[in-house]
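The values are calculated or read from the model by the stated rules, or taken from the named source; none is laboratory data. What you are looking at is a predicted structure, and each value in this text was computed from that prediction instead of being measured. Virtual Cβ from ideal backbone geometry, glycine too; neighbours counted across all protein chains shown. All accessible areas refer to the heavy atoms of the entire protein, side chains included, with ligands and DNA or RNA removed. Shrake-Rupley method; radii C 1.70, N 1.55, O 1.52, S 1.80 Å.
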Amino acid sequence: MAVNRFKLPRSVKVVLMVALLCYLSIVLVGMAARMQKPAYPWTVNDGYFPAALVGLKHTDSRLTSSGNQTAEQKTAKPKTAPCPKTIASLTKYSKWFRERYQPGIKLFLDRDDTKHYDNLSASGPPFGFKRQNLTVLSQILQHKDFANPPVHGLAGRQSCIRCAVVGCGGILNGSGAGKEIDGHDYVFRLNRALSSGRFANDVGKRTTFYTFFPESQHLNDVEDENVLVFYAIFKAYDADYALNMMNGEKPPKYISRGKTYGVRTPVVSPTRVKFVHPNFFTYVFKTFLDSKAYRPTTGALVVFLALHICDEVTIYGFGYDPRFTMHYYDTKFVVHTRASTGTHDVDNERKLWHKLHEEGAIRLFKRDL
């Protein structure tokens, strides 16, 4: 007895085949996205999406060649991503961090600080304005070009900001960490920030914020033209230098111990400069560094600026690991010595980075030889 077989029309078969291929494509794309998800020590939420996938800075094709946002983007409403655990929320879980972290501390000077000169003059630089010329300070903060731009731009703060702080440590030499560094929302750099050519693969190219004082200034090494500059006043001369910088003039000669030194001229628009507040220096030095050594390093200052600007922070090139040369750009191996680290207590700072890592406040970049 013959059996009647049901045959699907050719058109139906084609539709089913297309539907099956679409389904398989969606599954494969989802698997690839999960495999590429960056790992943070405190991130376990399956609903987490990297900022690189949703932030304006990384997804909009209208970026400038330097990686900065266009004028249209700066005024656009920022997209957001979930942030399972932030630095601010860490105070709920870490007693050690809660006793030290001050979310309301003032990070930068503004025009009104000239009115508070007396209150800020109990100590000398960098912790205050004692013996500092009030006229010079007023000319800096009341300068017509001192715009004191907002850290997060005109678009405002995103709900979850992931940041990389890039130091100069030799641990970065040959690390291949450049792509990882550039994948953050903000990238902080300081001092000698070589990030072009052969260095890019190890330290990345992007720079959002650059911090310096007169002798450490290497703005020519910074790839991004529209970087926001954080200027640190460590001594009385640094204020005179700042005034000349605001006026677009060459720096005054620096005299120390009877010797006169020439200082590099900063190539930066005064409208893109912010000045680190002396109270912030005091806060970092006394609260986290236990007032050890002479003053905090520029690196320590930048790490804590990031801790107050960002939600998640990873620091690269910090810790003075003796297995590696002192700087990632050294052409030959340079051994760490007391003389090379000056008046800083680098051992104390190294312990602090590991403590912050253990408490979950930062992720400390590490690698084997």
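Restrict the check to the stretch 207-214 and report whether at least one residue is surrounded by fewer than 21 Cβ atoms within 10 Å (Cβ to Cβ) and in contact with a helix residue (DSSP H, G or I) (Cβ under 6 Å, 6 or more places away or on another chain). Break it down into steps so the answer makes sense when it comes.
In the first step, residues of the stretch 207-214 are kept if they are surrounded by fewer than 21 Cβ atoms within 10 Å (Cβ to Cβ); the result is none.
Within the stretch 207-214 (the criterion being surrounded by fewer than 21 Cβ atoms within 10 Å (Cβ to Cβ) and in contact with a helix residue (DSSP H, G or I) (Cβ under 6 Å, 6 or more places away or on another chain)), the answer is no, since none of the residues qualifies.
Identify the residue in the stretch 154-171 that is under 18 Å from Thr211 (Cβ atoms) and either open to solvent by 10 Å² or more (accessible area, probe 1.4 Å) or of a type in the set (Phe, Trp, Tyr) (or both) and, among all such residues, is nearest to the chain's Cα centre (by Cα). Write out each step before concluding.
Filtering the stretch 154-171 down to residues under 18 Å from Thr211 (Cβ atoms) leaves 161, 163-169.
Filter again for either open to solvent by 10 Å² or more (accessible area, probe 1.4 Å) or of a type in the set (Phe, Trp, Tyr) (or both), leaving 168-169.
Working: Cys168: 13, Gly169: 15 Å.
Of everything passing the filter in the stretch 154-171, Cys168 is nearest to the chain's Cα centre (by Cα).
Kindly indicate the residue of the stretch 352-363 that is under 20 Å from Ala293 (Cβ atoms) and touching a strand residue (DSSP E or B) at 6+ places or on another chain (Cβ under 8 Å) and also surrounded by the most Cβ atoms within 10 Å (Cβ to Cβ) among those meeting that condition.
Our first condition is that a residue be under 20 Å from Ala293 (Cβ atoms); within the stretch 352-363, this holds for 352-356.
Going one step further and asking which of them are touching a strand residue (DSSP E or B) at 6+ places or on another chain (Cβ under 8 Å), we end up with 353-354, 356.
On the way: Trp353: 21, His354: 14, Leu356: 24.
So, considering only residues that are under 20 Å from Ala293 (Cβ atoms) and touching a strand residue (DSSP E or B) at 6+ places or on another chain (Cβ under 8 Å), the one surrounded by the most Cβ atoms within 10 Å (Cβ to Cβ) is Leu356.
Which residues, counting only those in the stretch 125-135, are open to solvent by 20 Å² or more (accessible area, probe 1.4 Å) and either part of a loop (DSSP other than H, G, I, E, B) or touching a residue at least 24 places away in the same chain (Cβ under 8 Å) (or both)? Walk me through it before giving the result.
As a first pass, look at the stretch 125-135 and keep what is open to solvent by 20 Å² or more (accessible area, probe 1.4 Å): 125, 127, 130-131, 133-135.
Result: Pro125, Phe127, Lys130, Arg131, Asn133.
With respect to the numbered conditions (1) aliphatic (A, V, I, L, M); (2) open to solvent by 70 Å² or more (accessible area, probe 1.4 Å); (3) touching a residue at least 24 places away in the same chain (Cβ under 8 Å), which one is the sole condition not fulfilled by Met246?
(2)
Could we say that Gly174 is under 21 Å from Ile105 (Cβ atoms), over 18 Å from the mean Cα position of the chain (by Cα) and not in a helix (DSSP H, G or I) here?
Values: under 21 Å from Ile105 (Cβ atoms): no; over 18 Å from the mean Cα position of the chain (by Cα): yes; not in a helix (DSSP H, G or I): yes.
It is false that Gly174 is under 21 Å from Ile105 (Cβ atoms), over 18 Å from the mean Cα position of the chain (by Cα) and not in a helix (DSSP H, G or I).
Of the conditions (1) open to solvent by 60 Å² or more (accessible area, probe 1.4 Å); (2) more than 19 Å from Val302 (Cα to Cα), Arg192 fails just one. Which one is it?
Every listed condition holds for Arg192 apart from (2).
The rows are residues; the columns are (1) open to solvent by 50 Å² or more (accessible area, probe 1.4 Å); (2) modelled with pLDDT under 95; (3) part of a loop (DSSP other than H, G, I, E, B); (4) in contact with a Gly (Cβ under 7 Å, 6 or more places away or on another chain).
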position: Asp224; (1), (2), (3), (4): no, yes, yes, yes
position: Pro251; (1), (2), (3), (4): no, yes, yes, no
position: Ile255; (1), (2), (3), (4): yes, yes, no, no
position: Thr260; (1), (2), (3), (4): yes, yes, no, no
position: Val268; (1), (2), (3), (4): no, yes, yes, no
position: Phe280; (1), (2), (3), (4): no, no, no, no
position: Asp290; (1), (2), (3), (4): yes, yes, yes, no
